[in-house]
1. When 27, 181, 112 are ordered from fewest to most other Cβ atoms inside 10 Å of their Cβ, what list results?
2. So if each residue of separation counts as 0.36 nm, and I subtract the Cα-Cα distance between residue 82 and residue 191, what length gain in nm does that give?
3. Add -39500 (n - 2.57) for each DSSP H run of 4 or more in the chain, then divide by its residues: what number comes out at 222 nm, to the nearest 500 deg cm²/dmol?
4. So what's the angle, to the nearest 10 degrees on a 0 to 90 scale, between helix 130-139 and the longest Cα principal axis of the chain?
5. Please say if segment 48-93 is rounded, prolate or oblate, where rounded means a/c under 1.5 for a ≥ b ≥ c the square roots of the C-alpha gyration tensor eigenvalues, and otherwise the choice is prolate for a/b larger than b/c and oblate otherwise?
6. Quick check on segment 85-127: take the gyration tensor over C-alpha atoms, sort the square-rooted eigenvalues as a ≥ b ≥ c, and tell me if it's rounded (a/c under 1.5), prolate or oblate.
7. Would you mind checking the tilt of helix 217-227 against the longest principal axis of the Cα atoms of the chain, expressed as 0 to 90 degrees and rounded to 10?
8. From the square roots a ≥ b ≥ c of the eigenvalues of the alpha-carbon gyration tensor of segment 94-157, which class results: rounded (a/c under 1.5), prolate (a/b over b/c), or oblate?
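Every number here is computed from the coordinates shown, using simple stated rules; none is lab data. Predicted model, so just to flag it, every value in this text is computed and none were measured. Cβ: placed from backbone, ideal geometry, glycine included. Neighbour counts: every protein chain shown.
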Ligand SMILES: Nc1ncnc2c1ncn2[C@@H]1O[C@H](COP(=O)(O)OP(=O)(O)O)[C@@H](O)[C@H]1O
Ligand SMILES: [Mg+2]
Ligand SMILES: [Zn+2]
């Protein structure tokens, strides 16, 4: 059965079919394709697990922490607001965002806001810390592992929006570079949107190109084609300022 809460104006049945009294036969309603798509995406999210920590739920620019982040990083926050005001079109066109800068400046919070707004718009979203995702993939090679490698790769390839945290953290050995390339290249080929964050250590000059050292040159160039210029968030760690 498809989503029983779906409100179709044509009054189709639970599987998205209408009945033609004249020919006495069932035929698919115009909503069926979209409902099948939503079911497939919900299954993908369920198989792999959505991951939505409570700290990053119910975010709004009218309240902290987003209001404070917008005060400190007006340009980045403005771009995120514009991006999310057209979230469905942006994500469906494969457009993404890269939030780059120092730790504790609000990158993760902004990325979760994008993920949240995508879900509100009915898009499927997978959020993963990049290191966790690679560990899950490694675990999935074991016999009888759940989710399976295939389920993970399928989800990270086809989900409407892939949200990856801390892309530059995993130690870039050959296996890691290969997995990152596989994931990013698949999304590139399918024209699928990606939103990701990466930290620059304090004291180091913020240099977008240095991501290439962490993910490899080919993956880096794909990412740049998909997200364009990074949104920069520089400054001191908010957690240090307030002792949070
Ligand atoms: N300007 C701010 N006002 C209030 N809280 C903030 C502000 N900037 C960051 N925070 C808080 O600081 C913490 C770190 O933010 P986060 O988005 O994880 O940063 P980053 O991903 O850049 O390290 C979060 O708990 C966030 O809510
Ligand atoms: Mg972060
Ligand atoms: Zn219908």
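1. Fewest to most other Cβ atoms nearby, the residues stand as 27, 181, 112.
2. 37.2 nm
3. That calculation yields -13500 deg cm²/dmol at 222 nm.
4. The angle comes out near 60 degrees.
5. In terms of gyration-tensor shape, oblate.
6. Verdict is prolate for segment 85-127.
7. The helix 217-227 is inclined about 60 degrees to the chain.
8. oblate
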